[in-house]
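One structure is given here, and the rest of the page talks about it.
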Amino acid sequence: MTTTNFTEKLKSSRRTGSMRPVNAAADGRKMRSIIAEDSEWSLELVPLLTTLCLQHIIKHFREKPILDELTPKYKAYVLQRLPTSLPLTITANLISDESYWKRCCEGRWAVSDVSTYDNSWKRMFFERHLENIIEFFIPDATDTKTVLDVVPLCRNYVKRLKVSQLLPPIRESPRFDEDDRSDCASDTGSEGPSMDHFDFRILLDKLPNLEELNVVYGVKGCGMNFEWNLFEFTFRDCEFLAKALHSCKTLQVFRIHRSKVDDEKCCLLVSQLLDHPSLQELDFSHNHISDRGARAIGKLLNRSQLKRLVVCNNQIRGPGAQALAHALYKNITLLSLNLRLNRIGDEGGQALAQALVKNKTLVNLHLGGNNMTEPMAVALSQALVENCTLKNLNLSNNKLGVDGGKVLEEGMSHNSSLVECDIRLTDVSQDSEYSRQHAKIKHKHDPSAKV
């Protein structure tokens with residue numbers, strides 16, 4: 001095509017409007033110096049070199065973690081975008097940013113109440129992570145290295161462990177051949193594989209900040225696979241736990257619930273807690289402790305710094321309560337005693353009432369559901385005249401009777417410290433209960449008034 005023909009064709013196209021000027025702002029192609037196959041490519045979309053570098057750090061953080069070398073602005077950028085699936089061996093001691101650990105917690109657990117962990121997401125993550133490892137540890141099947149490997153990563157952040165289940169070893173059903181059937185009767189008494197649970201000795205002495213341990217020897221949600229041995233707290237379990245508790249000098253709170261702790265096991269546990277330097281709360285709720293175990297606990301009261309003792313829903317009778325009462329005569333640390341749902345009767349109740357005359361520290365006493373009757377109310381009424389420290393008293397679900405209520409009301413009228421006294425379901429008269437409620441309300445508004 002000659003120059004003349006091209007010029008004529010250009011003029012013709014202009015006359016027909018087939019080549020109209022295009023608005024550059026409306027056409028992304030005019031914004032690009034290079035015509036690429038991607039029509040959405042534009043110079044305006046090219047990230048900054050700084051951003052590219054930070055994205056490279058994030059992508060290769062597992063192989064080469066770079067964080068502390070960054071400025072606060074870039075460090076925050078990286079932390080917001082790091083995946084929560086990174087190995088704990090990399091993140092545990094490197095990342096302290098709470099927003100990162102918040103993402104880790106919320107991504108792993110549906111319910112995450114950080115207020116119960118001193119508002120520390122990192123503490124929540126490592127406590128719950130370690131609890132999960134312990135709760136699904138299967139003796140003789142799970143390698144103890146699974147626990148020991150995580151200890152250096154979480155040891156500085158774990159203050160409390162709430163272990164809600166402990167799995168027993170996997171036990172295979174015995175198989176008998178045809179020729180062995182005749183011997184089955186003689187073999188039924190032979191011992192099977194050990195049913196011991198997780199050994200806390202490998203862990204507790206390696207947690208320098210552990211202050212609270214809650215443990216249940218049982219299985220959650222076993223469903224149709226229920227067997228009694230799933231809830232067996234063996235004597236070896238008790239031995240191992242007792243030694244572990246003795247080695248943990250920072251422990252302040254120990255709770256063992258629904259674990260079939262009987263007198264023998266209670267005595268063993270208590271023997272390792274005598275003269276413990278920091279223990280302040282002991283909770284043996286919902287077990288099988290009777291008088292012998294109560295005597296051991298009484299001994300512990302004056303060889304420890306216990307401030308709160310809970311032994312509710314056990315099998316303690318009069319002699320056991322008398323042993324605890326004897327300890328209260330000399331005790332100067334205990335503030336709260338809960339003996340709810342035992343069987344101490346009038347014998348034990350009277351002994352505790354007499355102890356209140358001498359004791360100058362106990363503030364809360366719960367004796368609900370203990371088969372106590374009018375003689376105990378008489379003894380307690382006399383004690384309330386002398387006692388000036390008790391503030392909360394629970395006598396609910398006992399058979400104090402009408403006369404017992406009147407006697408108790410008389411003693412309360414001479415007491416200057418009691419703030420609340422629960423006598424529901426005690427067969428007292430309505431007048432006595434009304435007077436007690438009226439006195440309680442009055443005393444709350446005027447502590448100097450007699451209750």
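Summary table below
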| item | result |
| --- | --- |
| Those residues of segment 402-417 which are of a type outside the set (A, V, I, L, M), open to solvent by less than 20 Å² (accessible area, probe 1.4 Å) and assigned to a helix (DSSP H, G or I), in sequence order | 404, 405, 411 |
| Any hit, segment 154-162, residues being assigned to a helix (DSSP H, G or I), at pLDDT 95 or above and open to solvent by 50 Å² or more (accessible area, probe 1.4 Å) | no |
| Output for segment 224-245, where each listed residue is under 20 Å from the mean Cα position of the chain (by Cα) and at pLDDT 95 or above | 241, 242, 244, 245 |
| Tally, over segment 381-403, of residues that are under 18 Å from residue 366 (Cβ atoms) and of a type outside the set (S, T, N, Q) | 8 |
| Residues (open to solvent by 30 Å² or more (accessible area, probe 1.4 Å), over 37 Å from the mean Cα position of the chain (by Cα) and under 24 Å from residue 333 (Cα atoms)) located in segment 360-399 | 382, 385, 386 |
| Search result, residues across segment 213-228 that are among the small types (Gly, Ala, Ser) and either open to solvent by 30 Å² or more (accessible area, probe 1.4 Å) or closer than 19 Å to residue 273 by Cβ (or both) | 221, 223 |
| Selection from segment 86-142 of residues that are farther than 22 Å from residue 203 by Cβ and of a type in the set (A, V, I, L, M) | 86, 90, 94, 95, 110, 111, 114 |
| Unique residue being at pLDDT 95 or above, more than 27 Å from the chain's Cα centre (by Cα), open to solvent by 10 Å² or more (accessible area, probe 1.4 Å) and over 18 Å from residue 426 (Cβ atoms) when the list is 355, 351, 327 | 351 |
| Residue match in segment 324-335 (condition: under 18 Å from residue 284 (Cβ atoms) and touching a strand residue (DSSP E or B) at 6+ places or on another chain (Cβ under 7 Å)) | yes |
| Subset of segment 421-443 (residues that are surrounded by 15 or more Cβ atoms within 10 Å (Cβ to Cβ), within 35 Å of the chain's Cα centre (by Cα) and either modelled with pLDDT under 90 or not hydrophobic (A, V, I, L, M, F, W, C) (or both)) | 422, 426, 440 |
| Any hit, segment 332-343, residues being open to solvent by less than 50 Å² (accessible area, probe 1.4 Å), closer than 30 Å to residue 385 by Cα, hydroxyl-bearing (Ser, Thr, Tyr) and modelled with pLDDT of 95 or more | yes |
| Checking residue 279 against (1) surrounded by 17 or more Cβ atoms within 10 Å (Cβ to Cβ); (2) touching a residue at least 60 places away in the same chain (Cβ under 8 Å), the condition it does not meet | (2) |
| Near pairs, Cβ below 8 angstrom, 6+ apart or cross-chain, from segment 296-325 (part of a loop (DSSP other than H, G, I, E, B)) to any residue that is at pLDDT below 95 and open to solvent by 50 Å² or more (accessible area, probe 1.4 Å) | 302/330 |
| Test for residue 268: is it assigned to a helix (DSSP H, G or I) and either surrounded by fewer than 17 Cβ atoms within 10 Å (Cβ to Cβ) or in contact with an Asp or Glu (Cβ under 7 Å, 6 or more places away or on another chain) (or both) | yes |
| Members of segment 89-131 that are within 16 Å of the chain's Cα centre (by Cα), open to solvent by 60 Å² or more (accessible area, probe 1.4 Å) and on the phi < 0 side of the Ramachandran plot | 111, 113, 115, 116 |
| Single residue of 167, 148 found to be modelled with pLDDT under 95 and either in contact with a helix residue (DSSP H, G or I) (Cβ under 8 Å, 6 or more places away or on another chain) or crowded, with 18+ Cβ neighbours inside 10 Å (or both) | 167 |
| Residues that are crowded, with 20+ Cβ neighbours inside 10 Å and in contact with an Asp or Glu (Cβ under 7 Å, 6 or more places away or on another chain), drawn from segment 232-253 | 237, 248, 251 |
| Tabulated pairs, segment 71-94, first free of Cβ contacts under 8 Å to residues at least 24 places away in the same chain, second exposed (fewer than 15 other Cβ atoms within 10 Å of the Cβ) and hydroxyl-bearing (Ser, Thr, Tyr), C-beta under 8 angstrom, 6+ apart or interchain | 79/99; 80/99 |
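The values are calculated or read from the model by the stated rules, or taken from the named source; none is laboratory data. Just so you know, these numbers come straight off a predicted model, no measurement behind them. Don't worry about glycine lacking a Cβ; one is built from the backbone with ideal geometry, like all the others, and counts go over all protein chains shown. Ligands, DNA and RNA are excluded from the accessible area calculation, which covers all protein heavy atoms including side chains. Shrake-Rupley method; radii C 1.70, N 1.55, O 1.52, S 1.80 Å.
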